[in-house]
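Student: Structure below; questions to follow.
The values are calculated or read from the model by the stated rules, or taken from the named source; none is laboratory data. Predicted model, so just to flag it, every value in this text is computed and none were measured. Positions of Cβ are backbone-derived with ideal geometry, glycine not excepted, and every protein chain shown enters the neighbour counts. Keep in mind that these areas ignore ligands, DNA and RNA; they rest on the heavy atoms of the full protein, side chains included. Shrake-Rupley method; radii C 1.70, N 1.55, O 1.52, S 1.80 Å.
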Amino acid sequence: MSITLYQFAECHECGMVRRLLRGKGIPFQAVTLPVGDKTIVRQKFKVESVPVLVDGTYVSSDLTDICRHVAAL
(Lines give C-alpha, C1' and ligand atoms only; values in the text may rest on other atoms or scores of the structure.)
Protein backbone atom coordinates (compact mmCIF):
# COMPACT_ATOMS: atom_id res chain seq x y z
CA MET A 1 0.00 0.00 0.00
CA SER A 2 1.39 3.37 -0.98
CA ILE A 3 -0.39 6.47 0.31
CA THR A 4 0.60 9.98 -0.70
CA LEU A 5 -0.64 13.16 0.92
CA TYR A 6 -0.30 16.38 -1.06
CA GLN A 7 -0.29 19.22 1.44
CA PHE A 8 0.72 22.68 2.53
CA ALA A 9 2.93 22.64 5.64
CA GLU A 10 0.78 25.17 7.51
CA CYS A 11 -2.64 23.78 6.53
CA HIS A 12 -5.01 22.88 9.40
CA GLU A 13 -6.89 20.25 7.34
CA CYS A 14 -3.63 18.74 6.10
CA GLY A 15 -2.46 18.47 9.71
CA MET A 16 -5.67 16.66 10.62
CA VAL A 17 -5.06 14.08 7.89
CA ARG A 18 -1.41 13.62 8.95
CA ARG A 19 -2.48 13.06 12.57
CA LEU A 20 -5.18 10.60 11.50
CA LEU A 21 -2.75 8.58 9.38
CA ARG A 22 -0.06 8.60 12.08
CA GLY A 23 -2.60 7.73 14.77
CA LYS A 24 -3.58 4.63 12.85
CA GLY A 25 0.07 3.76 12.17
CA ILE A 26 -0.42 4.06 8.41
CA PRO A 27 2.78 4.89 6.52
CA PHE A 28 2.48 7.65 3.96
CA GLN A 29 4.57 9.96 1.84
CA ALA A 30 3.92 13.68 2.28
CA VAL A 31 4.44 15.98 -0.69
CA THR A 32 4.63 19.52 0.65
CA LEU A 33 3.67 22.09 -1.94
CA PRO A 34 5.04 25.63 -2.00
CA VAL A 35 2.80 27.96 0.02
CA GLY A 36 -0.32 28.80 -1.97
CA ASP A 37 0.79 26.93 -5.11
CA LYS A 38 -1.81 24.36 -6.13
CA THR A 39 -0.43 23.91 -9.66
CA ILE A 40 0.60 20.28 -9.09
CA VAL A 41 -2.77 19.16 -7.72
CA ARG A 42 -4.63 21.09 -10.41
CA GLN A 43 -2.59 19.44 -13.16
CA LYS A 44 -2.41 15.91 -11.73
CA PHE A 45 -5.84 15.56 -10.14
CA LYS A 46 -8.00 18.40 -11.48
CA VAL A 47 -8.79 19.66 -7.95
CA GLU A 48 -8.52 23.11 -6.42
CA SER A 49 -7.77 22.33 -2.77
CA VAL A 50 -5.49 20.46 -0.42
CA PRO A 51 -5.16 18.07 1.26
CA VAL A 52 -5.25 15.56 -1.56
CA LEU A 53 -4.95 11.93 -0.51
CA VAL A 54 -3.89 9.32 -3.05
CA ASP A 55 -4.19 5.63 -2.18
CA GLY A 56 -3.89 3.46 -5.29
CA THR A 57 -6.84 4.44 -7.48
CA TYR A 58 -8.45 6.46 -4.66
CA VAL A 59 -7.94 10.22 -5.01
CA SER A 60 -9.80 12.82 -2.97
CA SER A 61 -9.48 16.40 -1.80
CA ASP A 62 -12.68 16.25 0.29
CA LEU A 63 -11.72 16.17 3.98
CA THR A 64 -14.79 14.21 5.09
CA ASP A 65 -14.26 11.63 2.36
CA ILE A 66 -10.55 11.37 3.21
CA CYS A 67 -11.34 10.80 6.90
CA ARG A 68 -13.83 8.06 6.01
CA HIS A 69 -11.32 6.41 3.68
CA VAL A 70 -8.56 6.43 6.29
CA ALA A 71 -10.91 5.18 9.00
CA ALA A 72 -11.78 2.18 6.80
CA LEU A 73 -8.11 1.20 6.32
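Student: Tell me, what is the per residue accessible area of the chain in Å², probe radius 1.4 Å?
Tutor: Numbers: 4340 Å² over 73 residues.
Accessible area per residue, the chain: 59 Å².
Student: Next up: Based on the Cβ-Cβ distance from Arg19 to Phe45, what FRET efficiency comes out when R0 is 25 Å, to the nearest 0.05?
Tutor: Working: r = 22 Å, r/R0 = 0.89.
Here the calculated transfer efficiency is 0.65.
Student: From the helices alone, meaning DSSP H stretches of at least four residues, give me the mean residue ellipticity at 222 nm for the chain, per-run term -39500 (n - 2.57), in deg cm²/dmol to the nearest 500. Intermediate values should be presented prior to the final figure.
Tutor: Details: 3 runs with 29 residues, N = 73.
Rounded to the nearest 500, the figure is -11500 deg cm²/dmol.
Student: Among the trypsin sites (Lys or Arg not before Pro) within the stretch 7-73, which fall in a DSSP loop and have no more than 16 other Cβ atoms within 10 Å of their own Cβ? Present the calculation step by step, with values, prior to reporting the outcome.
Tutor: Working: sites: Arg18, Arg19, Arg22, Lys24, Lys38, Arg42, Lys44, Lys46, Arg68; in loops: Lys24, Lys38, Lys46.
Answer by residue number: Lys24, Lys46.
Student: How many percent of the accessible area of the chain is carbon or sulfur, using a 1.4 Å probe?
Tutor: On the way: 2290 of 4340 Å².
On the chain, the fraction of accessible area on carbon and sulfur atoms equals 53 percent.
Student: If one computes P(r) from the Cα atoms of the chain, what percent of pairs lie at distances over 17 Å?
Tutor: Working: 887 of 2628 pairs.
When every Cα pair of the chain is considered, 34 percent fall beyond 17 Å.
Student: Something else: Where both partners of a DSSP beta bridge lie in the chain, what percent of those bridges are antiparallel, to the nearest 5? Could you put the intermediate results ahead of the total?
Tutor: On the way: 7 of 11 bridges.
Of the beta bridges lying entirely in the chain, close to 65 percent run antiparallel.
Student: Points 7 angstrom from Cα along the Cβ direction at Ala30 and Leu73: gap in nanometres?
Tutor: 1.4
Student: I would also like to ask the following. Dipole magnitude of the chain about its Cα centre, charges +1 at Lys/Arg Cβ and -1 at Asp/Glu Cβ only, in debye to the nearest 20? Show your work: numbers first, answer last.
Tutor: Details: 9 positive and 7 negative charges, 32 e Å.
With Lys and Arg at +1 and Asp and Glu at -1, about 160 debye.
Student: Can you check what the net charge comes to around Leu33, using other residues whose Cβ is under 12 Å from the Cβ of Leu33 (Lys, Arg +1; Asp, Glu -1)?
Tutor: Numbers: positive: Lys38, Arg42, Lys44; negative: Glu10, Asp37.
So the environment of Leu33 carries a net charge of +1.
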